Amino acid sequence: MIVFDLECRLGGHRFEGWFGSSDDFADQQERGLLCCPECGSADVGKAVMAPSVGRKGNQIAETKPRERKPDSGQASNAPMSPEAAQMMRKLAQMQAEALKQSRWVGDKFVEDAKAMHYGERENEAIHGEATLEQAKDLLDEGIAVAPLPFPVVPPDKAN
């Protein structure tokens, strides 16, 4: 997994994105699968990031609290609390279990979701790919969809 700092070009909102590789990021960006969690804009790109450089063995670790970002109230580069890390692990486990009970349909997600909603095929749990606009259209039609909290690697692209 690779973590990128991302930035909404519309509102300047910053957030993290986790990807299987740099190519996965580029592919998701190209297909319009990335969106800002604050405003929903699909105009998202990589933010400028400082490289993570380890300290020398003879240096003392920083002990003072990190400065807070003035606009967000969040500490910049602050380590995740043990409680938050445990919550993220639990959320990832729950998603993994749900995906075991679901079938990957890839780019046929919208088509399959509509077919099940309108009774053209039997209902089943599915997961796949849809753009933000497609997901909004499905919701407007009364078809329940939700984004997954963590990226999913398509079965044909898994290691």
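The values are calculated or read from the model by the stated rules, or taken from the named source; none is laboratory data. Note that the structure is a prediction, hence the values are computed from the model and not measured. Every residue, glycine among them, receives a Cβ derived from its backbone with ideal geometry; neighbour counts consider all protein chains shown.
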Okay, strands (runs of 3 or more DSSP E) sitting entirely in segment 1-51 with 3 or more residues that are under 13 Å from the mean Cα position of the chain (by Cα), I get 2-8, 14-19
Residue set Met88, Met80; condition outside any helix (DSSP H, G or I), outside the structural domain of Asp5 (by TED's automatic domain parsing), of a type in the set (A, V, I, L, M, F, W, C) and exposed (fewer than 15 other Cβ atoms within 10 Å of the Cβ); output residue Met80
Within segment 23-41, the residues that are surrounded by fewer than 17 Cβ atoms within 10 Å (Cβ to Cβ) and touching a Cys at 6+ places or on another chain (Cβ under 8 Å) are Glu38, Cys39, Ser41
Going through (1) within 24 Å of Gly106 (Cα to Cα); (2) modelled with pLDDT of 80 or more; (3) not hydroxyl-bearing (Ser, Thr, Tyr) one by one, Leu6 fails only at (1)
query = Would you call Ala130 of a type in the set (A, V, I, L, M, F, W, C), farther than 28 Å from Glu16 by Cα, surrounded by 11 or more Cβ atoms within 10 Å (Cβ to Cβ) and in contact with a helix residue (DSSP H, G or I) (Cβ under 7 Å, 6 or more places away or on another chain)?
reply = no
Restricting attention to segment 7-22, the residues that are surrounded by 17 or more Cβ atoms within 10 Å (Cβ to Cβ), out of contact with any Cys (no Cβ under 8 Å at 6 or more places or on another chain) and of a type outside the set (D, E, K, R) number exactly 3
